Amino acid sequence: MILSDKEILTQIKQGKIIIDPFREDCLGSNSYDVHLSQYLAIYKNPILDAKKENELIELIIGEEGYILQPGELYLGSTVEYTETHDFVPFLEGKSSVGRLGIDIHATAGKGDVGFCNHWTLEISVTRPVRVYAGMPIGQIIYFRVYGEVINPYHTKSNAKYRTKNPKPVGSMMFKNKF
């Protein structure tokens, strides 16, 4: 079941959903709009290794924006820090963003109960497009969880992405055993 705008507000008041900064004008009928931060990153090496930590090059989006190029994977982040307790957050791109040929996540649109952080975006484009810090980039939809959650994300000892960080975070696949 997807939470309505009224229910999202109720859960924010109860502290079960945290969005910081929160702007009521970003609340949709059943979602909340999130915005692209000033931080982008790209991988330094053209060949990535799943068993190693891959170095990132940090980029800052200036007032003039930044032109994303096809064939490059950009890591971005949301302005908003979010926490969810008792709900599963799903991050989807806004249709206006998709109509510009921007995809904001390659595979990771679902968060976990207990996710407490800024969202790292896996951004790719179909043609060159200029983006701006603060532009609406996606929307979070909250699903109710049925049953007790035994191991929320923020309490897992092996949770790789729980250190609070407003900047994009690269893959930590290398921390897995395989």
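Bear in mind that the values in this text are calculations on the coordinates, not laboratory data. Since the structure is predicted, the reported quantities are computational estimates derived from the model, not experimental observations. In this analysis, Cβ positions are derived from the backbone assuming ideal geometry, glycine residues included, and neighbour counts consider all displayed protein chains.
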### Message
Where the second residue is outside any strand (DSSP E or B) and the first is on the phi > 0 side of the Ramachandran plot and lies in the range 131-157, which pairs have Cβ atoms under 9 Å and are six or more apart or on separate chains?
### Response
Gly134/Ile61
### Task
Say whether the condition of being touching a Lys or Arg at 6+ places or on another chain (Cβ under 9 Å), closer than 16 Å to Arg162 by Cβ, of a type in the set (D, E, K, R) and outside any strand (DSSP E or B) is met by at least one residue in the range 109-121.
yes
### Query
Which residue pairs have Cβ atoms under 9 Å apart, sit 6 or more places apart or on different chains, and have a first residue in the range 158-177 that is in contact (Cβ under 8 Å) with a residue 40 or more places away in the chain and closer than 19 Å to Leu40 by Cβ and a second that is among the aliphatic types (A, V, I, L, M) and loosely packed, with under 13 Cβ neighbours inside 10 Å?
Tyr161/Met172; Ser171/Ala50
### Query
Would you say Ile18 is touching a residue at least 40 places away in the same chain (Cβ under 8 Å), in a strand (DSSP E or B) and surrounded by fewer than 17 Cβ atoms within 10 Å (Cβ to Cβ)?
yes
## Note on the structure
Only unsatisfied item for Ser124, checking (1) surrounded by fewer than 17 Cβ atoms within 10 Å (Cβ to Cβ); (2) over 23 Å from Leu9 (Cα atoms), is (1)
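Matching residues to (1) surrounded by 14 or more Cβ atoms within 10 Å (Cβ to Cβ); (2) outside any helix (DSSP H, G or I):
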| residue | (1), (2) |
| --- | --- |
| Lys6 | no, no |
| Asp25 | no, no |
| Asn30 | yes, yes |
| Leu36 | yes, yes |
| Pro46 | no, yes |
| Glu53 | no, yes |
### Summary
If we keep only residues of the range 97-117 that are within 20 Å of Phe143 (Cβ to Cβ) and among the hydrophobic types (A, V, I, L, M, F, W, C), then the residue surrounded by the most Cβ atoms within 10 Å (Cβ to Cβ) is Ile104
#### Entry: Search result, residues across the range 84-96 that are within 13 Å of Ile141 (Cα to Cα) and surrounded by fewer than 19 Cβ atoms within 10 Å (Cβ to Cβ)
Val88, Phe90, Glu92
